[in-house]
Amino acid sequence: MSGAQGTEGAASALFPTYARFPIALVKGQGSWLWDDQGNKYLDFMCGLAVTNLGHVPAQVKEALVKQLDELWHVSNLFGIPGQEEAARLLTENSHAGAVFFCNSGAEANEAAIKLARRYNKNVLKNGRYEIITFKQSFHGRTLATLTATGQDKVKDGFDPLPPGFVTVPLHDEQALREAITDKTAAIMLEMVQAEGGIITVDPAFVKTIVRLCEAHGLLLIVDEVQTGMGRTGKLFAFQHYGIEPDIFTLAKGLGSGFPVGAMLAKSGLAEAFGPGSHASTFGGTPIAMAAVKATIETMLAENAPQRAAESGEYLKSRLKEKLAGSPIVREVRGLGLIVGIECAEPVAGFVSEIHRRGLLVVTAGPNVIRLLPNLLVTREEIDLAVDILAGVLTGQAAAAQS
Ligand SMILES: *Cc1c(COP(=O)(O)O)cnc(C)c1O
């Protein structure tokens with residue numbers, strides 16, 4: 001057992017907010033991680049869809065080291081050239097016209113919610129503030145974003161929650177229509193519900209959402225915190241659907257592991273966030289911007305989204321083939337390199353055994369094993385991961401579990 005729960009014999013001085021795996025990781029390179037006992041792991045979770053270019057990618061490291069020598073932090077009261085450049089890279093590679101940089105996914109979604117409210121209140125002056133979200137969604141842990149989240153477990157004990165959110169079942173057109181009132185400002189969703197179990201939103205339902213937004217003058221907000229930055233096989237998952245959300249949010253893969261988030265919107269919404277309306281001390285520091293610029297440039301140069309699309313197809317087909325006889329596996333699904341293996345029973349025990357065999361994966365809800373390899377993962381690494389997964393999830397190993 002490693003030191004993940006604190007030094008042997010001493011209680012941890014941390015809040016017990018995480019049910020941590022008994023592994024303490026100390027080094028990473030590309031697709032591989034090493035723990036404090038010298039064990040090596042193939043990483044198919046990427047710090048939860050963060051290290052999309054693998055661990056310590058050379059180009060991002062070089063940009064960070066260079067920036068560390070020059071300037072770390074000033075203030076958003078000054079011009080920050082790197083922020084302008086990073087914003088331009090994001091707008092040149094999407095339909096967005098304006099970017100706000102922050103530090104995390106929850107903050108990016110908080111900014112999206114604030115922008116939607118303020119645009120309705122101060123620009124359209126229509127008194128609308130309510131945001132419709134979907135069951136099983138996940139949007140973050142701040143009070144507003146946990147209220148937006150369609151899962152009760154993240155809300156437990158945090159009453160009273162801020163008003164202005166309504167949650168309806170995904171793919172339920174009638175419930176969505178009935179939820180729209182003269183108070184509705186926006187509809188917010190993930191194109192692939194990630195924490196919710198790797199549920200890709202049906203294109204027909206997305207068409208319905210877009211039509212309803214147009215008919216009722218609602219803003220469309222897409223949470224790309226987990227699905228963005230090439231993960232699904234396009235730079236942003238909404239690009240699979242041919243839609244242009246009014247607002248979308250990024251974080252996890254945006255800085256290759258350097259903490260940074262962004263809220264992006266069509267240029268028409270920029271005026272709603274005038275001077276003094278929103279801010280973040282650490283949002284868009286020179287160091288964070290060096291990480292963002294190098295991450296995007298490397299992704300484009302390496303064709304990372306396209307590679308994620310191809311590797312995702314390969315991973316899914318290999319899994320379907322090798323897991324075909326498993327009595328436990330119900331479905332293999334996903335988009336690009338966000339892949340779920342739904343099982344007929346809780347998977348926590350399988351995940352521990354998979355870790356023990358040297359492959360790091362994570363769950364997405366009680367019955368789904370979630371695979372999030374880096375976007376540059378090789379076929380050999382995929383084959384190795386599939387062998388480990390098949391070893392644990394086919395009949396023999398399963399019998400050993402019970
Ligand atoms: C992780 C996640 C968030 C929250 O991001 P944090 O950086 O942890 O605040 C929000 N939305 C989605 C879809 C996520 O996966």
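The values are calculated or read from the model by the stated rules, or taken from the named source; none is laboratory data. Note that the structure is predicted; figures quoted are calculated from it, not measured. Cβ placement follows ideal geometry from the backbone for every residue including glycine, while neighbour counts extend to all protein chains displayed. Note: accessible area is taken over every heavy atom of the protein model, side chains too, but ligands, DNA and RNA are not part of it. Shrake-Rupley method; radii C 1.70, N 1.55, O 1.52, S 1.80 Å.
Once the stretch 239-257 is narrowed to residues that are over 15 Å from Gln226 (Cα atoms) and of a type in the set (A, V, I, L, M, F, W, C), the residue that is least open to solvent (accessible area, probe 1.4 Å) is Ile247.
Here's the yes/no breakdown for (1) buried (at least 21 other Cβ atoms within 10 Å of the Cβ); (2) small (Gly, Ala, Ser); (3) within 16 Å of the ligand (Cβ to nearest atom):
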{"site": "Val192", "(1), (2), (3)": "yes, no, yes"}
{"site": "Pro203", "(1), (2), (3)": "no, no, no"}
{"site": "Ile209", "(1), (2), (3)": "yes, no, no"}
{"site": "Gly217", "(1), (2), (3)": "no, yes, no"}
{"site": "Ile221", "(1), (2), (3)": "yes, no, yes"}
{"site": "Glu224", "(1), (2), (3)": "yes, no, yes"}
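Residues in the stretch 335-376 that are part of a loop (DSSP other than H, G, I, E, B) and open to solvent by 10 Å² or more (accessible area, probe 1.4 Å): Ala344, Glu345, Pro346, Arg357, Gly358, Gly365, Pro366, Asn367, Leu376.
When the stretch 258-284 is filtered for residues that are touching a residue at least 24 places away in the same chain (Cβ under 8 Å), in a loop (DSSP other than H, G, I, E, B) and open to solvent by 50 Å² or more (accessible area, probe 1.4 Å), the ones remaining, listed by number, are Pro259, Lys266, Ala279, Thr281, Phe282.
Check whether at least one residue in the stretch 114-127 is on the phi < 0 side of the Ramachandran plot, more than 16 Å from the ligand (Cβ to nearest atom), assigned to a strand (DSSP E or B) and not aromatic (Phe, Trp, Tyr), and report yes or no. Looking for residues that are on the phi < 0 side of the Ramachandran plot, more than 16 Å from the ligand (Cβ to nearest atom), assigned to a strand (DSSP E or B) and not aromatic (Phe, Trp, Tyr), one finds none in the stretch 114-127, hence no.
Remark: pairs (first residue in the stretch 30-45, free of Cβ contacts under 8 Å to residues at least 60 places away in the same chain; second residue in a loop (DSSP other than H, G, I, E, B) and open to solvent by 30 Å² or more (accessible area, probe 1.4 Å); Cβ separation under 8 Å; 6+ apart in sequence or on different chains) = Asp35/Ile23.
Can you report the number of residues in the stretch 51-84 which are under 21 Å from Ala279 (Cβ atoms), in a helix (DSSP H, G or I) and in contact with a helix residue (DSSP H, G or I) (Cβ under 6 Å, 6 or more places away or on another chain)? Of the residues in that region, 2 qualify.
Among the residues of the stretch 99-113, is any assigned by TED's automatic domain parsing to the domain that holds Cys213 and more than 16 Å from the ligand (Cβ to nearest atom)? Checked against the condition, which is being assigned by TED's automatic domain parsing to the domain that holds Cys213 and more than 16 Å from the ligand (Cβ to nearest atom), the stretch 99-113 yields at least one hit. The set of residues in the stretch 364-394 being without any contact (Cβ under 8 Å) to a residue 24 or more places away in the chain and farther than 20 Å from Gly54 by Cα consists of Pro366 alone. Residue count for the stretch 235-244, restricted to those that are over 14 Å from the mean Cα position of the chain (by Cα) and in a loop (DSSP other than H, G, I, E, B): 4.
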